[in-house]
Amino acid sequence: MDGMPRTTAITGYVSRTAMLATCLTLIAGSASAQANAKSPAVEPGAVDALRRMGAYLRTLQHFGVSGETMRDEVLRDGQKIEVGGTIKYVVRTPDRFRAELKTDRKQRQIFYDGKSLTVYAPRMHYYASAPAPSTVSATLDSARKRFGIEMPLADLFLWGTPRDGVSELTSAQYIGPAYVDGTDTDHYAFRQRGVDWQLWIARGNVPLPRKLVITTTSEPSEPRFAATLTWDLTPPVGDPVFAFVPPKDAARIVFASFGARETKKPVRQ
């Protein structure tokens, strides 16, 4: 919710067999290109699958989802560094969520109890709290706009709503069946301005997203984010799950202290 290898010109002797194979490849490629040109850029079936998944997500009154994540960090010289991590959400709609994010670089716990948003950094023993809107989606928007907090997998809360981004798609296609962590899924590829993304949706009556890959094409390095998801539709969702109780050694700070900062070396937070 990460390019193609450059063709190498080869000079010298080319056998007749190789030339024949090349011609056959070009013919096949031309036929394939013609077939693709006739198919719609936005396949209705792919859009329908996306909307069906979104509609199902919106029926869930509570859920837990955990993910193994990977994202690219781009260094100043343009080289990409892969950073792995995990994320875990527990959600009770419309006004509760808890998230735990862990990577080699940072750890965060985020609590939303319907009235306030709290972010806790357990390694540094700091936390910050602020009043929050009355719904999960509004709180995610507020956190992004006010404090620059971009929650991973935020699309889980947008799919199935008027803000699902379907109208912005420039390409949508069905790739084929796929197997993700023991689950039969259908693999789809989507494109919109500045972003290519892929989605693997579970087959059957429970069309949950099981894998997501996002490529930011608007940046020269085209960094990627990927997550493989595991779902729990019956997690504990009592009020204490979403309530933050500061540890005795935790110090309160303001959200401005969580602003982005540049460092020459990775910092564990």
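Coordinate-derived values only; no laboratory data. All of these numbers come straight from a predicted model, not from anything done at the bench. Because the Cβ atoms are built from the backbone with ideal geometry, glycine has one as well, and the counts that use them run over all protein chains shown.
Peptides 234-244, 187-197 ranked from most to least packed by the mean count of surrounding Cβ atoms within 10 Å: 187-197, 234-244.
Fewest-first ordering of L50, L169 by other beta carbons within 10 Å of each residue's beta carbon gives L169, L50. When only the Cβ of Lys, Arg, Asp and Glu is charged (+1, +1, -1, -1), the dipole of region 56-105 relative to its Cα centre reaches about 320 debye. Take every Cα pair under 8 Å whose residues are at least 6 apart in sequence, average their separation, divide by the length of region 44-257, and the relative contact order is 24 percent.
In terms of surrounding Cβ atoms within a 10 Å radius of their Cβ, E150, E43 rank from fewest to most as E150, E43.
Taking a Cβ cut-off of under 12 Å around D113, the surrounding Lys, Arg, Asp and Glu residues balance to a net charge of +2, with basic ones at +1 and acidic ones at -1.
When the P(r) is computed for region 29-150, the part past 16 Å accounts for 74% of the Cα-Cα pairs. Here, region 44-257 is characterised by an Rg to Rh ratio of 0.97, where Rg is the alpha-carbon radius of gyration and Rh the Kirkwood radius.
Sorting L153, L199 by the number of Cβ atoms found within 10 Å of their own Cβ, with the fewest placed first, yields L153, L199. If only the Cβ of Lys and Arg carry +1 and only the Cβ of Asp and Glu carry -1, the dipole of region 44-257 around its Cα centre is close to 560 debye.
Extending 7 Å from the Cα toward the beta-carbon at both R105 and R76 defines two label points whose distance is 1.6 nm.
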